[in-house]
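To start, the structure itself, in structure tokens.
Read-outs throughout are calculated quantities, based only on the coordinates presented, and are distinct from any laboratory measurement. Quantities reported herein were computed from a predicted structural model and do not represent experimental measurements. All Cβ positions, glycine included, derive from the backbone under ideal geometry; neighbour counts span all protein chains shown.
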Amino acid sequence: MSHNDYERFILTIKQMTGIDLSSYKEAQMKRRLTSFREKKGYADFESYVKAMKGNQALLEECLERMTINVSEFYRNRSRWDVLDQTIIPLLLKTSQSLKTWSAACSSGEEPYTLTMILQKHLKASQFSVLATDLDRVILERAKLGFYGERSIKEVPEDMLHTYFTKKESIYEVDPTLKKNITFKQQNLLTDSFETGYDLIICRNVMIYFTEETKHALYQKFSKALRPGGMLFVGSTEQIFNPDTYGFKSKETFFYEKV
Ligand SMILES: C[S@@+](CC[C@H](N)C(=O)[O-])C[C@H]1O[C@@H](n2cnc3c(N)ncnc32)[C@H](O)[C@@H]1O
């Protein structure tokens with residue numbers, strides 16, 4: 001298999017889906033897709049993509065493989081405590097209602113966690129949560145709101161009691177939480193963003209992008225936030241020069257739009 005084989009594959013996938021795999025760190029993405037392609041029995045990317053042209057299911061399966069969907073409620077619990085106790089009260093000093101967004105929300109644990117926390121501070125009519133992801137299949141799962149034991153292990157006891165119903169070994173999240181959440185398919189790299197957000201959460205997706213892509217995305221997030229609005233990032237995703245994007249580090253992993 002030549003190097004060009006993968007590059008041509010990237011171009012064809014972009015033409016077919018609008019998804020640009022060259023924005024993702026190459027070594028990691030190529031390794032993932034190569035092992036999957038081999039498992040499916042294709043000797044190179046050329047024959048693999050050719051087969052996809054007549055087979056939508058094969059294409060979707062490949063896209064699903066491309067995205068890594070691991071998530072959990074209250075991921076890095078202590079950060080959510082900072083959001084609850086420090087950041088939200090701060091935002092409420094300058095906004096009566098909060099416009100929030102969970103970008104790359106995967107199977108929904110993140111926007112549901114956010115909604116549970118917001119409900120401690122505000123009435124349902126005083127906030128909105130947009131939840132977006134590239135992967136349509138995972139968004140359908142997010143809308144359903146059923147989770148296994150592993151996803152809920154960090155949920156505080158009182159929240160578990162208030163917002164989850166357990167049947168056998170499956171936890172269903174309280175369907176009323178969905179009223180405040182709009183789930184929508186979106187590509188962070190190519191789609192335009194709304195503006196005026198008080199809070200944007202984008203965690204554990206930046207790590208997959210190239211430096212150039214990260215840079216462009218931070219710019220887009222900065223424009224989407226209102227002055228004083230906050231960007232909440234993942235626990236391995238510190239921004240090294242926040243001022244480049246008009247951000248000021250507020251708490252670890254929280255950046256304020258100046
Ligand atoms: C590891 S999950 C992170 C989930 C959640 N934010 C968390 O921290 O637990 C990464 C998600 O990013 C999504 N993703 C990858 N590329 C994307 C893109 N270009 N636009 C939007 N979402 C993307 C994947 O589909 C996947 O659901």
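A few points about this structure:
- For region 117-258, the spread of Cα positions along each principal axis, largest first, Å: 49, 31, 26
- When the C-alpha to C-alpha distance is required to be over 21 Å, the pairs from 123/166; 99/223; 93/120 that qualify are 123/166.
- When you work out D = kT/(6 pi eta Rh) for region 177-258 at 37 °C and 0.692 mPa s, using the Kirkwood radius from C-alpha pairs as Rh and the Stokes-Einstein form, the result is 249 µm²/s.
- C-alpha long axis of helix 211-224 to longest principal axis of the chain, angle in °: 40 degrees
- Projected onto its three principal axes, the C-alpha set of region 1-137 covers 58, 27, 22 Å, listed from the longest axis down.
- Span per principal axis, largest first, for the Cα atoms of region 1-48 (Å): 25, 20, 18
- Comparing 197, 171, 74 in a Gaussian network model of the chain where C-alpha atoms under 10 Å apart are linked, the largest mean-square fluctuation is found at 171.
- Acute angle (nearest 10 degrees) that the helix 56-66 long axis makes with the longest principal axis of the chain, alpha-carbon atoms: 60 degrees
- Calculated P(r) of region 46-122 - Cα pairs past 18 Å, %: 56 percent
- Spatial offset of region 2-49 relative to region 188-218 amounts to 23 Å, using the alpha carbon center of each.
- Averaging 1/r across all pairs of distinct Cα atoms in the chain and inverting the result yields a Kirkwood radius of 19.5 Å.
- Treating r as the C-beta distance of residue 182 and residue 219 and R0 as 25 Å, the FRET efficiency rounds to 0.55.
- Dipole of region 11-67, positive direction: furthest Cα of 23, 43, 13, with charges on the beta-carbon: 43
- Here the chain is assigned +1 on the Cβ of each Lys and Arg and -1 on the Cβ of each Asp and Glu. Its dipole about the Cα centre then comes out at about 300 debye.
- Label zone at residue 8, where the point sits 7 Å out along the Cα-to-Cβ direction: region 39-75 residues whose backbone N lies under 14 Å: 43-51
- Under the Debye formula (equal points on every Cα, no solvent term), log10 I(q)/I(0) of region 58-182 at q = 0.12, 0.22 Å⁻¹: -0.46, -1.37
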